[in-house]
Amino acid sequence: MALGIGDRAPEFTLSNQYGVKVSLSDFRGKKNVVIMFYPFAFSGLCTGELCTIRDRGSDFINEKTEFLSISCDPVHSLKAYSEQESFTHSLLSDFYPHGAVADEYGALFEDKGFATRATFVIDKEGFIRWAVINGPGEERNADEYAAALAELA
C-alpha cells in the first residue's frame, strides 16, 4: 500500500530495545512523530544515520517531537546496538510478524526480509505530513526531515 501526504499513519505497537511496548497512538495529541525505517542494526550506513539523530537529538527528540527508528532486527540485537552507540531514542523491533509494520508503510523489501530507508513525519493528529523512501544504499538527509518538523506546530 502506498502511503501519501495527508494519509492517516497506520497504527502499530512494537517493542523497543528494552522490551517496552511503544504504540504510535501513545503520542497522538501530544507530539509529532518521526518514524525512520532502516535496514539493519550494526551496518555502516544505518549506524551513521542513527548517530546523526543521536548527535542532533534536540532537533528530533524534544517536547514537541518523538523519534522512532524501526528495523526488522530482534529486540536483543537492538538493545546491544543501542548500548554500543549510546542511542537515546527508541529502536523498535518489527521482527515478528516479520516486517509487518514496514510492509504497512510501503517500506519492506519482502523478498530480502528487511526495511528500506523510509522516513515519515507524522503530526500530532496522526497524519503523514512529509515522507521520503530511499533505496537501502541511499543515505537520507536529516536536514530535510528537520525542516518538515519545523513546519509543524
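Details
- Selection status of ILE133, touching a residue at least 60 places away in the same chain (Cβ under 8 Å), within 16 Å of VAL34 (Cβ to Cβ) and not polar (S, T, N, Q): no
- Test: residue in the stretch 63-79 that is over 16 Å from ALA142 (Cα atoms) and small (Gly, Ala, Ser): yes
- Near pairs, Cβ below 7 angstrom, 6+ apart or cross-chain, from the stretch 21-41 (over 11 Å from GLU125 (Cβ atoms)) to any residue that is of a type in the set (A, V, I, L, M) and part of a loop (DSSP other than H, G, I, E, B): LEU24/ALA9; PHE37/ALA107
- Tabulated pairs, the stretch 84-113, first touching a residue at least 40 places away in the same chain (Cβ under 8 Å) and at positive phi, second not charged (D, E, K, R) and not in a loop (DSSP other than H, G, I, E, B), C-beta under 8 angstrom, 6+ apart or interchain: GLY106/ALA118; GLY106/ILE133
- Strands (runs of 3 or more DSSP E) lying entirely in the stretch 1-75 (those with 1 or more residues that are touching a helix residue (DSSP H, G or I) at 6+ places or on another chain (Cβ under 9 Å) and crowded, with 19+ Cβ neighbours inside 10 Å): 13-16, 32-37, 65-71
- In this entry, SER58 is excluded by the filter for residues that are at pLDDT 95 or above and closer than 16 Å to ALA142 by Cα.
The values are calculated or read from the model by the stated rules, or taken from the named source; none is laboratory data. Since the model is a prediction, treat every value here as computed from it, not as a measurement. No Cβ is skipped: glycine too gets one built from the backbone with ideal geometry, and neighbour counts run over all protein chains shown.
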